[in-house]
Structures are given as structure tokens and as C-alpha cells.
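Below: the structure, in C-alpha cells.
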Amino acid sequence: MNKSLNLNEFAEQGTLSIFVNARQEPMGVLIPLKQWVEIAPSVAKNCELYRLMEQLTYKPIFECSLKELADQLRPEIEKVEAEHLAAGQYNVYRYTGDDKLENLFVRQYAGHRELVRTDASTGQSHILNRNF
């Protein structure tokens, strides 16, 4: 008797599945495409599986949501931020502590932070608080 696999059920479950033969010997693995993001870091980038999965899961940048773009860029952003701090530079973030206050930014240095107000018309910044 032949067994069948309902691919619609497989896609809905979204879990890895082992494909076995009639003697219940493993023959392969079914990998849902939505699982690839979690699996990819553990697969060698120069292997055929990695290249195939990257092709199957590729989404043009103009079709990505803002969250997808942020997720894709986050590792590179964190790398650049760390390089800035190691080089004695700082990273700048918008201050989110109070929505009523405008033009406030945080300068993050390796050893401290500064809260600064920036004048949009002149570009000058004024330190309001160090080590906050």
C-alpha cells in the first residue's frame, strides 16, 4: 500500500518532516520555506542546499515590509555600530523617553551616553545630560 503526503497539510503545519521509504528508513527531509530563516545560519553558505533555499526564499527588496527590511539589516547595523564604538566614535539614536519632546537624540559612546538637543535650522547640538 502506498502512503501519500498531503502537501497542503505539510505547508499549514510549517514543521520539518522526515520523508521515509516503505521500510521506514529516512530518505530525506521536507523543509518548509518559512523555516529557512531559522535554519540558514547552521548551513554552510557554499553548499547546494543553501544556494537552492536562498533562491526559493529570495524576496526583492521593494516587496519587503519594513519589519522584514529591519530584520535583514539588523546584523549589519549591529556590526557597524560596534565598529564605531571600537573606533572611539558614537552612535546616534532618537530619544524615545518622552513623545512630547522633539529634536532630542542620544549619543551612545563606548563608556557613556549623552542626551542632546539638535537645532534643526542651524544643525547645532547642545548636550542636555551626560551619563543618563
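Read-outs throughout are calculated quantities, based only on the coordinates presented, and are distinct from any laboratory measurement. Since we're looking at a predicted model, the values are computed, not measured. Note: ideal-geometry Cβ built from the backbone for every residue, glycine included; neighbour counts use all protein chains shown.
Sequence neighbours fewer than 8 away in the same chain don't count; with that in mind, list the lysines whose C-alpha is under 27 Å from Lys45.
The qualifying lysines are Lys34, Lys59, Lys67, Lys79.
Report the relative contact order of the chain, percent, no decimals, based on alpha-carbon pairs under 8 angstrom and at least 6 residues apart.
10
In terms of the ratio Rg/(2.2 N^0.38 Å) built on C-alpha atoms, what value belongs to the stretch 1-130?
1.73
Using the Cα gyration tensor of the stretch 7-58, with a ≥ b ≥ c the square roots of its eigenvalues, what is the shape: rounded (a/c below 1.5), prolate (a/b larger than b/c) or oblate (neither)?
The shape class here is oblate.
Tell me, what ³J(HN,Hα) does each residue in the stretch 89-104 have, in order and in whole Hz, if you take phi through Karplus 6.51 cos²θ - 1.76 cosθ + 1.60 with θ = phi - 60° and put x for Gly and Pro?
8, 10, 10, 10, 10, 5, 6, 10, x, 8, 5, 6, 8, 10, 6, 9
So how far apart, in nm, are the two label points at Val20 and Ala82 if each is 7 Å from Cα heading toward Cβ?
4.2
Against the longest principal axis of the chain, how steep is helix 66-86, in degrees 0 to 90 to the nearest 10, with axes from Cα atoms?
50
Once the piece of chain linking Arg130 and Gln55 is laid out straight, how much longer is it, given 0.36 nm per residue of separation minus the C-alpha distance between them?
Difference between extended and current length: 22.2 nm.
Report the local net charge at Met53: Lys and Arg +1, Asp and Glu -1, summed over other residues whose C-beta lies under 12 Å from its C-beta.
0
Work through the residues other than Arg107 whose Cβ is under 12 Å from its Cβ and net out their charges, Lys, Arg +1 and Asp, Glu -1.
+3
Taking only Cα atoms, what is the 0 to 90° angle, nearest 10, from helix 48-57's long axis to the longest principal axis of the chain?
70
How many angstrom separate the Cα center of the stretch 86-132 from the Cα center of the stretch 47-85?
The distance from the Cα centre of the stretch 86-132 to that of the stretch 47-85 comes to 28 Å.
Rank Leu52, Thr96, Ser65 by how far each Cα sits towards the positive end of the charge dipole of the stretch 19-132 (+1 on Lys, Arg Cβ; -1 on Asp, Glu Cβ) and give me just the farthest.
Among Leu52, Thr96, Ser65, the one farthest towards the positive end of the dipole of the stretch 19-132 is Thr96.
Please give the contour-minus-distance gain from Val43 to Met27: 0.36 nm per residue of separation, less the Cα-Cα distance, rounded to one decimal in nm.
Difference between extended and current length: 3.8 nm.
Could you give the size of the charge dipole of the stretch 90-132 about its Cα centre, using +1 on the Cβ of each K and R and -1 on the Cβ of each D and E, expressed in debye and rounded to the nearest 20?
It works out to roughly 140 debye.
Using amide H atoms built 1.01 Å from N in the peptide plane, name the residues 5+ places from Leu30, or on other chains, whose amide H lies under 5 Å from its own.
HN-HN under 5 Å from Leu30: Ser17, Ile18, Phe19.
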